[in-house]
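What follows is one structure encoded as structure tokens, with my remarks underneath.
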Amino acid sequence: MKRYNTFLVLVFLLLSMSCTNAPVRVLGTQAYGEIMFENDNYNEVLAASKAQNKPIFMDVYTNWCGWCKRLDITTYRDPQVIKYVNANFIPLKVDAERGQGQGVKLKYGIHSYPRLLFLDSTGKALVTIEGYREAKGLLYSAIKAHNLYNRK
């Protein structure tokens with residue numbers, strides 16, 4: 001009986017660990033890997049960017065976009081990407097089909113997904129990425145955007 005209980009506990013742990021690809025909600029943010037994204041709070045993030053003097057990393061996505069989901073389970077789990085984005089940007093994830101996302105989509109002329117934008121505190125795009133990027137490419141763009149932000 002004791003072995004059976006131990007087996008059940010192990011199965012439960014393995015099953016719970018296999019569900020880690022799902023986003024985790026924490027106080028208005030959503031974690032993908034370890035990047036703590038604000039959700040659909042474009043105007044609040046602009047204000048926070050000004051107050052903290054940090055640029056914004058914005059991921060504009062849709063629920064039906066396969067490449068958007070791939071970003072969540074690959075690129076956003078890379079340790080170097082996580083460390084750099086969290087240290088140097090205010091991350092924002094915007095659903096293009098809901099809430100403020102519709103206005104964001106119009107403002108930046110977005111017609112394909114994912115669209116990754118690095119913005120200054122006024123909302124001006126410093127660097128724009130159309131489509132999926134692996135960790136190395138995203139990290140390169142993030143460094144470039146951060147350097148542009150610091151030159152102003």
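The values are calculated or read from the model by the stated rules, or taken from the named source; none is laboratory data. None of these values were measured; they are calculated from a predicted model. Ideal geometry is used to build each Cβ from the backbone, glycine not excepted, and the neighbour counts take in all protein chains shown.
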Where residues in the range 83-109 are closer than 24 Å to Q52 by Cβ and of a type in the set (A, V, I, L, M, F, W, C), which of them is farthest from the chain's Cα centre (by Cα)? V104
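Among the residues of the range 73-94, are any acidic (D, E), surrounded by 13 or more Cβ atoms within 10 Å (Cβ to Cβ), in contact with a helix residue (DSSP H, G or I) (Cβ under 7 Å, 6 or more places away or on another chain) and within 20 Å of N39 (Cβ to Cβ)?
The initial filter retains those residues of the range 73-94 that are acidic (D, E), namely 78.
Subset that is surrounded by 13 or more Cβ atoms within 10 Å (Cβ to Cβ): 78.
This time we only want the ones that are in contact with a helix residue (DSSP H, G or I) (Cβ under 7 Å, 6 or more places away or on another chain), so: 78.
Imposing the further condition that a residue be within 20 Å of N39 (Cβ to Cβ) reduces the set to none.
Checked against the condition, which is being acidic (D, E), surrounded by 13 or more Cβ atoms within 10 Å (Cβ to Cβ), in contact with a helix residue (DSSP H, G or I) (Cβ under 7 Å, 6 or more places away or on another chain) and within 20 Å of N39 (Cβ to Cβ), the range 73-94 yields no hits at all.
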Please find, within the range 95-120, the residue that is farthest from E44 (Cα to Cα) out of those that are crowded, with 18+ Cβ neighbours inside 10 Å and of a type in the set (A, V, I, L, M, F, W, C). I110
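Over 18 Å from L126 (Cβ atoms), at pLDDT 95 or above and polar (S, T, N, Q): does that describe T62? Before you say what the answer is, go through the steps one by one.
Numbers: over 18 Å from L126 (Cβ atoms): yes; at pLDDT 95 or above: yes; polar (S, T, N, Q): yes.
Answer is yes for this residue.
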Tell me, which residue of the range 110-130 that is assigned to a loop (DSSP other than H, G, I, E, B) and in contact (Cβ under 8 Å) with a residue 60 or more places away in the chain is farthest from A51 (Cα to Cα)? G123
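Take G123 and decide whether it is surrounded by fewer than 20 Cβ atoms within 10 Å (Cβ to Cβ), touching a strand residue (DSSP E or B) at 6+ places or on another chain (Cβ under 9 Å), farther than 25 Å from E44 by Cβ and at pLDDT 95 or above. Reasoning before the result, please.
Values: surrounded by fewer than 20 Cβ atoms within 10 Å (Cβ to Cβ): yes; touching a strand residue (DSSP E or B) at 6+ places or on another chain (Cβ under 9 Å): yes; farther than 25 Å from E44 by Cβ: no; at pLDDT 95 or above: yes.
Against the criterion (surrounded by fewer than 20 Cβ atoms within 10 Å (Cβ to Cβ), touching a strand residue (DSSP E or B) at 6+ places or on another chain (Cβ under 9 Å), farther than 25 Å from E44 by Cβ and at pLDDT 95 or above), G123 does not qualify.
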Which condition does F57 not pass, out of (1) crowded, with 20+ Cβ neighbours inside 10 Å; (2) within 15 Å of E38 (Cβ to Cβ); (3) more than 13 Å from the chain's Cα centre (by Cα), if it passes all the others? (3)
Mind checking which pairs have a first residue in the range 131-150 that is more than 15 Å from I73 (Cα to Cα) and modelled with pLDDT of 95 or more and a second that is of a type in the set (D, E, K, R) and surrounded by 12 or more Cβ atoms within 10 Å (Cβ to Cβ), Cβ under 6 Å, 6 or more apart or different chains? Y149/D120
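Residues checked against (1) over 18 Å from R115 (Cβ atoms); (2) small (G, A, S):
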residue: E38; (1), (2): no, no
residue: E44; (1), (2): yes, no
residue: A51; (1), (2): yes, yes
residue: I56; (1), (2): no, no
residue: V60; (1), (2): no, no
residue: L71; (1), (2): no, no
residue: T75; (1), (2): no, no
In this structure, does A22 turn out to be modelled with pLDDT under 95, farther than 16 Å from A142 by Cα and in a strand (DSSP E or B)? no
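Residues being touching a residue at least 12 places away in the same chain (Cβ under 8 Å), in a helix (DSSP H, G or I) and over 13 Å from L139 (Cα atoms): count how many of those fall in the range 80-109.
So the first thing to find is which residues in the range 80-109 are touching a residue at least 12 places away in the same chain (Cβ under 8 Å), and the list is 80-82, 84-86, 88-101, 103-105, 107-108.
Add one more test, that the residue is in a helix (DSSP H, G or I), and what stays is 80-82, 84-86, 88, 101, 103-105, 107.
Next, only the ones that are over 13 Å from L139 (Cα atoms) stay: 101, 103-105, 107.
Matching residues across the range 80-109 total 5.
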